[in-house]
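Structure first, then comments.
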Amino acid sequence: MKIQEIIAGQKTFFKTHKTKNIKFRKMYLEKLKELIIQNEELLYRAIESDFGKSRFDTFTTEISFVLKDIDYYLKNLKTLSKPKKVSTNLANQIGKSKIHQEPLGCILVIGAWNYPYQLSLSPLVAALAAGNCCILKPSEIAGNTMNVMSKIINENFPSEYIYVYKGGIDETTDLLRLKFDKIFFTGSTKVGKIIYKAAAEHLTPVTLELGGKSPAIVTKDANLEVAAKRIVWGKFLNAGQTCVAPDYLLVEESVQEQFLEMLRKYIKEFKYEPNSDQYTRIINQKNFQRLIQLINKEKIYFGGNYNEENFYIEPTILTAVNWEDNVMQEEIFGPILPVISFTNFNQILLSITDLEKPLAAYLFTDNLEEKEAFTQKLSFGGGCINDVVMHLSNDNLPFGGVGNSGIGNYHGRYGFETFSHQKSILEKVTWGEPNIKYPPYSDKKLSWIKKLL
Ligand code: NAD
């Protein structure tokens, strides 16, 4: 069947209102959960062959994530879907006001390759929970994970409800000519602009989950040992191919030497070695080449080794980096950590604000004023104080960017709202109608209106 026919089928199916039924939504969410559990082995193998991701990482950062999302919606669906009563203003008495969460219709989810299950299935789960039909277009760059998702979903779900459409740039370009009720995109800022333009043609709302250069700042008032351990984990997880990984490090000069030693210690302790089956590889030749060009040999403090045969790049720390260096011009998206030292905390915040707004930012300190300045003066999607990456695992926090790092957000109730229209309904009684708002007008009516409004 052609994709146009599948989308038409989804639009027809949506009009039957079956997806609005809570039991229907729960039944399919439970089915998806079962299928993920049954096919766990297949999911591990596909991602391992795409870029050597370990079972541990796949479970903790992908599978458990999606399962947790499904459980969240199974548990909260009734409450989330309930119309929310709000107060009614004087001019609308006697009446009552409610906000209804209305599903949008047929959603297009476009995924990225770096967390291929989580970034495809989590938005899909939120879209279904909110009562929509969905076309999922995973990233073709992680081809095996795309195939496994297509197999699991297309063999087990009716295409008029959910369908995985496989393809790359050409297929996505074709898809974007069609009219959807919402496009949810995860990927680069560059492609995000293409999606936004295409969506504008149909006035389709978008959520754009993009990237950016996310800083981590370590001041002399930080618990350095904890900071080093957490930064090494968050930076080299998935070999740095994480949208919210600390992209570069800003360290207060007086503690830099000591801190670099700690980073070195943890990199060694975590055993990110060439033959390790626990350290992810770079996704492809193009990214491998791009990354090794960023390693300025004269600035290597640690690492710098790589192996083109299996796309291994050793965790690498570059020091004496300045803002003009190549490595500071765009999102790194790999296991290279440039370090810039600073002496003035407020000045370094200003330097960050000269760049585009990042998806995440991190601060390590126990100093209250620094925490306050970081939260109040820097604009970024979301982040942590004294940790990295973990904010996105809290369902109660909306996850998304700002400015160049994205539009909109999801996770937990925010995901549900992202895929819903908040429809306002004011219901009035039909008795006791005051004549005051109706013509013919008079000075007396105006003076009453002035008092009332
Ligand atoms: P990408 O923008 O190259 O690709 C994303 C998707 O867009 C893929 O499905 C791809 O097929 C499609 N695509 C690519 N070129 C296209 C074109 N010209 N027209 C239409 N569709 C096109 O991104 P990527 O390489 O998969 O992922 C890396 C980027 O994504 C990084 O910038 C990273 O920070 C960002 N990212 C953001 C998040 C987030 O949650 N905010 C999560 C993961 C990755």
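Bear in mind that the values in this text are calculations on the coordinates, not laboratory data. Small disclaimer: the values here were computed from a predicted structure and weren't measured. So basically every Cβ, Gly included, is an ideal-geometry build from the backbone, and we count neighbours across all protein chains shown.
Observations on the model:
- Space enclosed by the convex hull of the alpha-carbon atoms of the range 88-172, per residue, Å³: 126 Å³
- Taking GluC sites (Glu not before Pro) across the range 123-192, the ones in a DSSP loop with at most 12 further Cβ atoms lying within 10 angstrom of their Cβ are Glu155.
- Judged by the gyration tensor of its Cα atoms, with axes a ≥ b ≥ c, the range 215-400 is prolate; a/c meets the 1.5 cut and a/b is the larger of a/b and b/c.
- Principal-axis analysis of the Cα atoms of the chain puts helix 368-377 at an angle of about 60° to the longest axis.
- Overall form of the range 332-453 per C-alpha gyration tensor (a/c, 1.5; a/b vs b/c): prolate
- Sequence of Leu359, Leu203 once ranked by neighbouring C-beta atoms within 10 Å, starting from the fewest: Leu203, Leu359
- Cα gyration tensor, the range 140-218 - rounded (a/c under 1.5), prolate or oblate: oblate
- Kirkwood analysis of the range 101-142, using all unique Cα-Cα pairs, places the hydrodynamic radius at 10.4 Å.
- Partners of Lys82 within straight-line reach, counting lysines whose Cα lies under 21 Å from its Cα and excluding those fewer than 8 residues away in the same chain: Lys15, Lys18, Lys20, Lys23, Lys26, Lys96, Lys98, Lys423, Lys428.
- Rounded to 5, percent antiparallel among DSSP beta bridges of the range 215-400: 20 percent
- Rounded tilt (10° steps) of 116-129 against the dominant C-alpha axis of the chain: 10 degrees
- The range 63-119 - convex hull of the alpha-carbon atoms, volume per residue in Å³: 132 Å³
- Nearest 10 degrees, 0 to 90: helix 40-51 Cα axis against the chain principal axis: 60 degrees
- Potential extension, Ile169-Lys445 segment - 0.36 nm per residue separation minus Cα distance: 93.1 nm
- Note on the range 176-259: percent of Cα-Cα distances in each 5 Å bin, starting at 0 and stopping at the bin with the largest distance, equals 3, 13, 18, 15, 11, 9, 9, 8, 6, 5, 3, 0.
- Over all distinct Cα-Cα pairs of the range 1-142, the Kirkwood formula returns a hydrodynamic radius of 17.1 Å.
- Along the chain, counting only chymotrypsin sites (Phe, Trp or Tyr not before Pro) with a DSSP assignment other than H, G, I, E or B and at most 15 other Cβ atoms inside a 10 Å radius, the longest segment between sites is 1-322.
- For Leu249, Leu178, order by how many other beta-carbon atoms lie within 10 Å, fewest first: Leu178, Leu249
- In a DSSP loop and with at most 16 other Cβ atoms within 10 Å, the trypsin sites (Lys or Arg not before Pro) in the range 1-64 are Lys2, Lys15.
- Relative contact order %, the range 215-400, counting alpha carbon pairs below 8 Å whose residues are six or more apart: 28 percent
- Local electrostatic count, His100, Cβ distance below 10 Å [Lys/Arg +1, Asp/Glu -1]: +3
- Coupling constants for the range 378-384 follow from the phi torsions by the Karplus curve (6.51 cos²θ - 1.76 cosθ + 1.60, θ = phi - 60°), and in residue order they are 9, 9, 7, x, x, x, 9 Hz; glycine and proline get x.
- Across the range 299-393, the convex hull enclosing all Cα atoms gives 127 Å³ per residue.
- Sparse-neighbourhood loop sites, trypsin sites (Lys or Arg not before Pro) in the range 222-295 - DSSP loop, at most 15 other Cβ within 10 angstrom: Lys271
- Its residues counted as N, the chain yields a C-alpha radius of gyration over 2.2 N^0.38 Å of 1.12.
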